[in-house]
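Participant: Quick one: structure below, then a few questions.
Bear in mind that the values in this text are calculations on the coordinates, not laboratory data. None of these values were measured; they are calculated from a predicted model. So basically every Cβ, Gly included, is an ideal-geometry build from the backbone, and we count neighbours across all protein chains shown.
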Amino acid sequence: MSIAAVERDTGLSKDTLRVWERRYGFPTPSRDANGERLYPQEQVDKLRLIRRLLDLGQRPSRIIGSTTLELSAILEAHRGKDLNPEQEAREQVLLQYVRLHRSAELVTGLHQALMKQGLQRFVAETIAPLNEAVGEAWMRGEIDVPEEHLYTEQVQNILRSAIGANAVASGHPRILLTTFPDEHHILGLLMAEATLVPEGASCLSLGTRTPLADIRGAAVSGKFDIVGLSFSIAYPARQAVDGLTELRAALPTNIELWAGGAAVAGKQRRLPGIRVIGDLNDTVTALKEWRAAHAAH
């Protein structure tokens, strides 16, 4: 893979990859006839794991020298701390349905979890950790692209249906949700919407890949209070920061701008005037703070 493709795939910037190559001796790309870097698949797989661990607070200097198996073990141990036995058992069953292409059983299991937990807990306690498990299984080669697409499609269908059943047209604040043009992952948006709607917020999703001018136009003409954007781990962080800065300057000051997802994690200092959402719980916190600030109005 070229360095540009690795940046898109892992969310690690070209500058970061070059610095690590000099400082830590990894990655170790070969060169094509024009002298451009080419990265083998096994190094890209390791870089994906490193990026996930960086998002969890690990330092590059402590993990870059580890093998892929060691990185996977660190990641698994970290995830295990956040799951109780019931959650872990449910996750393993659902993940096995994904591996075996058993879509009917997967849908049934997800619906049962939704009915038991309610929409917000379902997103936080079932979908969020299951997303990570599916992503890690893909990185380990245990599932392929078709299985990942099967999972994503079923989760999208369930979340859309549940959001529709809970939506309120006249709630406040009014939140416009979308992604930038190069971001086609929609699960982050749906999870945010599924967290906000039960709190009484009125959400409208434009889906993915919306040009900045169209985001501004829709936010202003629709008199939205907040614009919310989602960035997956594969989205280049520098591109996210630049785009958000440009959009913040284009939006009226009375419209807040929220951004969440792996690509903007830890980037609050570089994004003045923009609320960086840490996780699903922080989404609810941000909503409560907005309401407290606008209580008189």
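Participant: What relative contact order, as a whole-number percentage, does region 167-293 give when Cα pairs under 8 Å and 6 or more residues apart are counted?
Facilitator: Relative contact order here is 26 percent.
Participant: When the Cα centres of region 239-297 and region 52-103 are compared, how far apart do they sit, in Å?
Facilitator: 28 Å
Participant: Within 13 Å, Cβ to Cβ, of Met191, how many net charges do the neighbouring residues add up to if Lys/Arg are +1 and Asp/Glu are -1?
Facilitator: Local charge sum for Met191: -3.
Participant: A further question on this structure: Once you sort the root eigenvalues of the Cα gyration tensor of region 25-102 as a ≥ b ≥ c, which label holds: rounded (a/c under 1.5), prolate (a/b larger than b/c) or oblate (the other case)?
Facilitator: Verdict is oblate for region 25-102.
Participant: Which value at 222 nm does the chain reach when only helices count, each DSSP H run of 4 or more adding -39,500 (n - 2.57), with the total divided by all residues and rounded to the nearest 500 deg cm²/dmol?
Facilitator: Counting only the DSSP helices, I get -17500 deg cm²/dmol.
Participant: Here is a further query. Please turn the phi angles of region 192-206 into ³J(HN,Hα) values with the Karplus equation 6.51 cos²θ - 1.76 cosθ + 1.60 (θ = phi - 60°), one per residue in order, whole Hz, x for glycine and proline.
Facilitator: So the Karplus estimates, Gly and Pro as x, are 5, 4, 5, 7, 7, 4, x, 7, x, 6, 9, 10, 10, 9, 8 Hz.
Participant: For region 42-47, just list the computed ³J(HN,Hα) in residue order, Karplus coefficients 6.51, -1.76 and 1.60, θ = phi - 60°, integers in Hz, with x standing in for Gly and Pro.
Facilitator: 5, 6, 5, 4, 5, 5
Participant: Could I ask something else about it? Among Ser205, Ser13, Ser61, which one moves the most in a GNM of the chain with springs linking Cα atoms closer than 10 Å?
Facilitator: With Cα springs under 10 Å in the chain, the top fluctuation among Ser205, Ser13, Ser61 is at Ser61.
Participant: Give the aspartates and glutamates reachable from Lys14 as a straight Cα distance under 15 Å; neighbours fewer than 8 places away on the same chain don't count.
Facilitator: Those aspartates and glutamates meeting the cut-off are Glu36.
Participant: If you don't mind, there's one more thing I want to ask. With charges only on Cβ, +1 for K and R and -1 for D and E, what is the dipole size of the chain about its Cα centre, in debye, rounded to 20?
Facilitator: 820 debye
Participant: So, one more: So what's region 131-190 giving for Rg/Rh, alpha carbon basis, Kirkwood Rh from the mean inverse pair distance?
Facilitator: Checking Rg against Rh, the ratio lands at 1.08.
Participant: Right, here's the next one. Can you give me the long-range amide H partners of Leu257? Hydrogens built in the peptide plane at 1.01 Å from N, cutoff under 5 Å, separation of 5 or more residues or another chain.
Facilitator: Those lying under 5 Å, H to H, from Leu257 are Val227, Arg275.
Participant: With N set to the number of residues, divide the alpha-carbon radius of gyration of region 1-149 by 2.2 N^0.38 Å and report two decimals.
Facilitator: 1.21
Participant: Another one. How big, on average over all directions, is the shadow cast by the Cα convex hull of the chain, in nm²?
Facilitator: 16.5 nm²
Participant: Less than 16 Å apart at the alpha-carbon level, and either on another chain or at least 8 residues along: which aspartates and glutamates does that give for Lys223?
Facilitator: Correct list for Lys223: Asp214, Glu256.
Participant: Can you figure out the FRET efficiency of Arg160 with Arg269, using R₀ = 45 Å and their beta-carbon distance, to the nearest 0.05?
Facilitator: After rounding to 0.05, the efficiency reads 0.80.
Participant: What shape does region 181-297 take by its C-alpha gyration tensor, where a ≥ b ≥ c are the square roots of the eigenvalues and a/c under 1.5 counts as rounded, a/b above b/c as prolate, and the rest as oblate?
Facilitator: Rounded.
Participant: Work out how much length Thr245 to Gln92 would gain on full extension: take 0.36 nm times their residue separation and subtract the Cα-Cα distance, in nm to one decimal.
Facilitator: 51.0 nm
Participant: Another question, then. What aspartates and glutamates could a cross-link reach from Lys46, if we take a straight Cα to Cα line under 18 Å and drop same-chain neighbours fewer than 8 places away?
Facilitator: Glu7, Asp9, Asp15, Glu21, Asp55, Glu70, Glu76, Glu132, Glu136, Glu142, Asp144
Participant: To continue, here is another question. Can you tell which of Arg216, Arg23, Arg160 shows the greatest fluctuation in a Gaussian network model of the chain with Cα springs below 10 Å?
Facilitator: Checking each option, the largest mean-square fluctuation is seen for Arg23.
Participant: Kindly write out, for region 208-221 in residue order, the coupling ³J(HN,Hα) from the Karplus curve 6.51 cos²θ - 1.76 cosθ + 1.60 (θ = phi - 60°), rounded to whole Hz, with x marking Gly and Pro.
Facilitator: 9, 6, 9, x, 4, 5, 6, 4, 4, x, 5, 5, 6, 5
Participant: Further question on the same structure: Take the alpha carbon gyration tensor of region 3-65, find the square roots of its eigenvalues, order them as a ≥ b ≥ c, and report rounded if a/c is under 1.5; if not, report prolate when a/b exceeds b/c, else oblate.
Facilitator: Prolate, because a/c is 1.5 or more and a/b exceeds b/c.
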